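The values are calculated or read from the model by the stated rules, or taken from the named source; none is laboratory data. Predicted model, so just to flag it, every value in this text is computed and none were measured. A quick note on method: Cβ atoms are made from the backbone with ideal geometry, for glycine too, and the neighbour counts reach across all protein chains shown.
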Amino acid sequence: MQSKSRPKLVAREMFYCTKCGHLMHQSARACPECGAPSSVQGWSDISDRSRLTALLLCIFLGIFGVHRFYVGKMGTGVLWLVTGGLFGIGVVYDLAIIASGEFEDADGFRVAAWESD
């Protein structure tokens with residue numbers, strides 16, 4: 001008597017974004033709806049931008065918002081440029097956030113690696 005083999009379980013290819021609940025494919029690196037980084041294993045929430053570069057740009061050119069342009073934040077880069085880094089307060093804040101590794105690029109990925117890939 002032959003036993004019937006069970007069908008193999010296929011891993012689910014779709015999952016819900018943890019931030020907005022939008023249904024997305026497991027190969028997506030970020031949610032197409034809100035841009036939040038994917039929580040699927042194998043993907044990292046670390047940006048490909050260098051934290052050292054962002055930190056040095058912030059130290060030397062922070063009042064011009066160059067570090068924000070570097071990570072793709074064009075809107076706040078222009079704001080920093082026009083207001084002198086939010087009158088210096090924004091630059092000090094960004095220095096602390098970049099140094100701690102919690103600064104995010106325009107796609108929501110943390111700028112945490114000291115060297116870019």
Residue under evaluation ALA11, criteria (1) over 25 Å from GLU115 (Cβ atoms); (2) modelled with pLDDT of 95 or more, criterion not met: (2)
Search result, residues across the stretch 60-117 that are under 14 Å from the mean Cα position of the chain (by Cα), at positive phi and free of Cβ contacts under 8 Å to residues at least 60 places away in the same chain: GLY72, GLY101
